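A short worksheet on the structure shown next.
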Amino acid sequence: MNLSIIKITFTFRELIQIAASGVMIFGIGLMILGGFQILENKLLLIQNAFAYSSVGFIIYWLSSYWGKPAGIKNDGVWFKAVSSRKWIAWLLAIVLTSFYCILYWFPEYLGYNEKGNTGFVAFFDPLSYYLKNKAASQWFVYGVLYTWAILLFGIKFIIKYRHSRYQILRTLSVMFFQTAFAFIIPEFLQRMNLPYHDYKNIWPLNYYFFDGWHLDEMLMNGKIGYWMLMSGILMILIGSPILTFLFGKRWYCSWICGCGGLAETAGDAFRQLSDKSVKAWKLERIIIYSILLFVIAMTGGVIYTYITGELYLLGISTDKIRSIYGFAIGATFSGVIGVGFYPLLGSRVWCRFGCPMAAILGIQQRFFSRFRITTNGGQCISCGNCSSYCEMGIDVRSYAQNGKNIVRASCVGCGICAAVCPRGVLKLENGTIDLFNRVENPYLKNPPTTNS
Ligand code: SF4
Ligand code: SF4
């Protein structure tokens, strides 16, 4: 009888990865134990849970990328279950969409209770008391996890794209704006009994900015409230158009916005899943501009009600329209679908098909901005890396092959197409003003017949 002994050998890299996974699992385990209140909820516990899991993740990524070329490598992206819509991707999508549904509509299952939290929300109470002297809400929990995800995956992104100064700087930027503007400043404002306010969340992305309760909240808080109102309006009318004219929509979508920040960092593994077909492009324009019209009409309605006190405009309840927008677009599209479907539809579904802010910036970028991606067509070897990894579904290669500049409304200026091009064909530029000479779209003359 033959007895065979299976000999398993590990490389040094694998040993480090196994150790890092252990630390990561230990940290996540602490979170779960804290969530079920098996361990007492002390500030130290939450600190340890986040510290251990973060250190575990970072060591794992460092050991994975160390000694390998920087940037995207086409080494099995379409074969890994998580990045090619196989079972792990579906499982992740189910977990994420379920989490968003509970967060928006059933927060009591997370343990949220106005009279005293339990479960997972209670786990965050110590941190919430520390920051704003109040018990946590489900939104506080979401804010912590969202910021943590951007910081953590931001570090991974920087390790991965360490060869590109543009990618490092813009990732540091989204990490900063999320941490300071979307998390710390609003929490301290609440600690000082001032309204919650995220200065970088501009209307129409911030669709409640002109709601009656929000206007009242700002107007009742003296100078700082007036500053919030005026700075918000000035950003819509002056700041945003000037910045888009100078830099294209990237100043917001890829450098500041929290939705874009999460897509660029936590969603990086899924950027190749965006649909590059002309059909998707047509659908994108119909949906995003319909939502833009919807938010303008909805906002007009709530302002009309605020000024006149009339609840109906043209026989339609302005409050009802507001509720429909909040449910269908503000929660379902931007959250449940926008993030929950990362592993299936790519990381920029919301930015590409739904965000009314992106729609406004896109119109301006297309017709009135200095931003464009220039192409050196003679150098292109048609490898298709740029199209594959464009998260906005732009067939970059067809522009490069035709030697035409890219001036597309949807381009968020992430620069990944340029970062993955092996021939240095693409360059993001804020060039000389060419307002009356914006390049024609190559699709109009030479429509592609395939997705890539
Ligand atoms: S065209 Fe390039 S810069 Fe624009 S969204 Fe696509 S990958 Fe990003
Ligand atoms: S532009 Fe660069 S990445 Fe895109 S197809 Fe040409 S050589 Fe490949």
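Values in this text are rule-based calculations from the coordinates and carry no lab data. Just so it is clear, the structure is predicted and the values come from calculations on it, not from any experiment. Glycine gets a Cβ as well: all are built from the backbone with ideal geometry, and neighbour counts include every protein chain shown.
Which lysines, if any, have their Cα less than 20 Å from the Cα of LYS156, not counting same-chain residues under 8 positions apart?
Those lysines meeting the cut-off are LYS68, LYS73, LYS80.
Taking the Cα centroid of the stretch 297-312 and of the stretch 78-140, what is the distance between the two, rounded to the nearest whole Å?
34 Å
Can you compute the FRET efficiency between ILE18 and ILE307 using 1/(1 + (r/R0)^6), with r the Cβ-Cβ distance and R0 = 45 Å? Round to the nearest 0.05.
That pair, ILE18 with ILE307, gives E of 0.10.
Between TYR161 and residues 5 or more places away or on another chain, which pairs have amide H atoms under 5 Å apart, with H built 1.01 Å from N, and which residues are they?
For TYR161, whose amide H was placed from the backbone, the distant partners under 5 Å are GLY71.
Assuming R0 = 41 Å, can you tell me the calculated FRET efficiency for the pair LYS115 and LYS80, based on Cβ-Cβ distance, to the nearest 0.05?
Calculated transfer efficiency: 0.35.
With θ set to phi - 60° and the Karplus curve 6.51 cos²θ - 1.76 cosθ + 1.60, what are the ³J(HN,Hα) couplings of the stretch 78-85 in order, to the nearest whole Hz, using x for Gly and Pro?
So the Karplus estimates, Gly and Pro as x, are 8, 10, 6, 4, 6, 9, 9, 6 Hz.
Want the number for LYS134 to ASP216: 0.36 nm per residue separation, take away the alpha-carbon distance, what's left?
Full extension of this stretch gives 27.3 nm more.
Is the shape of the chain rounded, prolate or oblate, going by the alpha carbon gyration tensor and its root eigenvalues a ≥ b ≥ c, with a/c under 1.5 for rounded and a/b larger than b/c for prolate?
Oblate shape, in that a/c is at least 1.5 and b/c is the bigger or equal ratio.
Check cross-link reach from LYS320 to the lysines: straight Cα distance under 28 Å, and skip same-chain residues fewer than eight apart.
Cross-link targets: LYS200.
Go through the stretch 393-405 residue by residue and turn each phi into a ³J(HN,Hα) via Karplus (6.51, -1.76, 1.60, θ = phi - 60°); whole Hz please, and just put x for glycine and proline.
In residue order, the calculated couplings are x, 8, 7, 4, 4, 5, 5, 4, 4, 8, x, 10, 5 Hz.
So if I place +1 on the C-beta of Lys and Arg and -1 on the C-beta of Asp and Glu, and nothing else carries charge, what would the dipole magnitude of the chain be about its Cα centre? I want it in debye, nearest 20.
1640 debye
For a quick check: with amide H placed at 1.01 Å from N, whose amide H comes under 5 Å from LYS427's, ignoring anything fewer than 5 positions away on the same chain?
THR374
Skipping prolines and chain starts, which residues have an amide H placed within reach, meaning under 5 Å, of the one on LEU313, given they are 5 or more residues away or on another chain?
Under 5 Å from the amide H of LEU313: THR318.
Output ³J(HN,Hα) for the stretch 424-430: one whole-Hz value per residue in order, computed from phi by the Karplus curve 6.51 cos²θ - 1.76 cosθ + 1.60 with θ = phi - 60°, and x for Gly and Pro.
Using θ = phi - 60°, the values come out as x, 6, 9, 9, 7, 9, 10 Hz.
Please identify the helices of the chain, taking whole runs of DSSP H, that span at least 30 Å along their own axis as judged from the Cα atoms and have a mean Kyte-Doolittle score of 1.0 or higher.
Span-like helices in the chain: 12-35, 43-65, 138-160, 278-308.
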